[in-house]
Amino acid sequence: MATVLIIDDEAMVRSLLRQVLRREGLDVIEARDGVEGLEMFRSRPSDVVICDLIMPRADGIETIAGIRRLAPTVKIIAISGGGRKHAVEILKVASDMGADHVLGKPFNIDQLLNLVKLCLRTASAS
Amino acid sequence: MSGTFSGGAHRGPSGKTEGEPPADRSVASEVSVTRESVRDLEKRLKDLLSQPRLLGAGRINMFNLDTLRDRLGERWPTMRERVHAATEKVLSRHLSPRDIHFRTSDDEYIIVFAVVEKQMANLLCGKIVEDLHRLFFGDEDLNVLRVSTAVGTFEGKLIYKTSSLGDILRGIHDSTSSNTDERESATPEASAASSVSDLRVIFRDYHEVDRVNSMYRPVWDVERQVITTYMYTPVRRSPGGSMTEGPAVFELINSSERLTKINVAALVEAVETLDELYRNKFRLMISIPVCFETLAPRKARLEYLVACGNIPDYLRGFIVFELLRFPTGVPNGRMTDLINELRPFCRWTFLRCDLTQPRFSNLVGTGLTGVSVVVPDDREAEARTMEGMNTFVAAAERAGLRTCAVGVASTSLALAARGAGFTFIAGDPVGRIDDIPQHMLRFNWLDLFRNSQRP
């Protein structure tokens, strides 16, 4: 079973994503910030990482860079930070810093599911 | 503190404000001054040479401006007086009252240090030359900057040993590094980079205890992705060796009169630095702190405004005043009056506020440009800080104010600050405090993340 790691400081977002991804038959693990996310990835590497950008302790960009160092080919989806403004600008940075896909909040859940499926397909193909 | 600026860019003798930086002084007066100086110098040097212990201790040092003169090329004759004026300012900033310095020729200075040891004397000379290069060119190559130490006398003349600043720093680095393998594997680029930072760190440690020194911190305009402004930052070293910077320095000062004097001194120094840089074709804005205690009482305010009146017209568009230590809830009318008095001398005014300040309705229509806030440096409390930033910006925007986050210590807070809507960000990931401000500089998110990865 493929594993997805969700890193987001908003409990509601984690809960929503967990439910949707489990319904698709995926194994889901969660972390509340970048520090926890990196620790979790180290102990249990996943196939896809969904990473928020604006988080305390370690932001999404630092986290993505850290995960890339551990697993250069893992698929990463960056989701916009939940700030009041400027999500698009920050998402572009995530893309430049190594995210495979970016998605601005609020996003359609189907969009996210399609991206996760695309990541899993390309991961298995490669 | 007179509150006037010693650079050439103040009001002329006629009292007329000059629109552009004035020309240099006449050659005739320079010649007579130089002759007097040389006679004085000869006498003082003879006295010095009778003290061989100074030579043994390496306290007589010489530096020359040949590399600076070479880089200026054909501009040297017209720039010479400005270079010497700038040298005097840099010397007065770095030397203690007990040190003595002489200008011995067109491009050469001798310094006799009162107490420092040879190595530190070398470094101080190097730092002075480095500051001058940064003022005039914005960069420095420590390998071409040279300082000389007097090692003996021959027929009444001093004999010097000359070393490049890069070599001196490498010597210090090598002698203090315990890890030989690490040293051997370092690339020349890495070695040079560490030398530049070594120089600044070592030099910072030298600053006199309890003296308020000035440094500048870059401020990033996130919207335009440019470092536009350099924030004058007071720095004070405590007897225990720790450093205090920013408004915390003012909290250590009990007397309102001393605070006013420090504010006026900061204004004078910041404007002189800006003027020197402006004349060297640098374009940047400088933010200058001024305390409530200086602006609220009429007498202190007048003293400050007199100093402001000496800011040349051509620099006023590059100045930002940051109002510090204002109590919350200063009445709208009072605030408007104070801002109106400062506005003719600057481009913008910002008010330093607390992150927990929930609303700014008393600031609406006062003419204030924006509000700034210090972001707490506590990674464990970042979640709470992020919420605070959102509330702060929302309240400021309702009052039509721009926002600046100061002390942003991590990239996560920088991202959160931008997410919250801050227009300006300052903190170590953007740039550390430095002795001399630089040009306006393109700076984007990738630069921010690269900066934060540096040790």
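Read-outs: derived from the displayed coordinates by stated rules, not from any lab. Since we're looking at a predicted model, the values are computed, not measured. When we count neighbours, we look across all protein chains shown, and the Cβ atoms used for this are built from the backbone with ideal geometry, even at glycine.
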Please tell me the relative contact order of region B:303-455 in percent, rounded to the nearest whole number, where contacts are Cα pairs under 8 Å and at least six residues apart. 17
If amide H atoms are built 1.01 Å from N in the plane of the peptide, which residues on other chains or at least 5 residues away come under 5 Å of the amide H of B:GLU322? B:ILE288, B:VAL290, B:PHE350
Rounded if a/c is under 1.5, else prolate if a/b is larger than b/c, else oblate: which is chain A, with a ≥ b ≥ c the root eigenvalues of its Cα gyration tensor? rounded
So, by mean Cβ neighbours within 10 angstrom, what's the order for B:306-317, A:49-60 with the highest one leading? A:49-60, B:306-317
Enter the Cα centre distance for the pair region B:376-455 and region B:116-159, rounded to the nearest angstrom. 37
At what distance in nm do the modelled label points of A:ASN114 and A:GLU39 sit from each other, each positioned 7 Å from its Cα along Cα→Cβ? 3.7
Would you mind putting B:363-372, B:254-263 in packing order, based on average other-beta-carbon counts within 10 Å, highest first? B:363-372, B:254-263
Take every residue in peptide B:417-423, count the Cβ atoms of other chains within 10 Å of its Cβ, and give the average of those counts. 5
Taking loop as defined by DSSP and a crowding limit of 10 other beta carbons within 10 Å, which GluC sites (Glu not before Pro) in region B:125-165 fit? B:GLU155
Just checking the output field for B:374-384: average partner chain Cβ neighbours within 10 Å of each residue's Cβ? 2
With only Lys, Arg, Asp and Glu charged, each at its Cβ (+1 for the first two, -1 for the last two), find how big the charge dipole of region B:228-292 is about the Cα centre; round to the nearest 20 debye. 100
Averaged over A:91-98, how many beta carbons belonging to a partner chain fall within 10 Å of each residue's beta carbon? 2
The size of the Cβ-based charge dipole (Lys, Arg +1; Asp, Glu -1) of chain A about the Cα centre, to the nearest 20 debye, is 180
Rh (Kirkwood; distinct C-alpha pairs) - region B:327-372, Å: 11.0
Sort B:95-105, B:159-169 by packing, meaning the average of other beta carbons within 10 Å per residue, with the highest value first. B:159-169, B:95-105
Anything over 30 Å Cα to Cα? Flag those among B:LYS118/B:LYS281; B:LYS89/B:LYS118; A:LYS92/B:LYS281; B:LYS161/B:LYS281; B:LYS89/B:LYS281; B:LYS157/B:LYS281, in the order listed. B:LYS118/B:LYS281; A:LYS92/B:LYS281; B:LYS161/B:LYS281; B:LYS157/B:LYS281
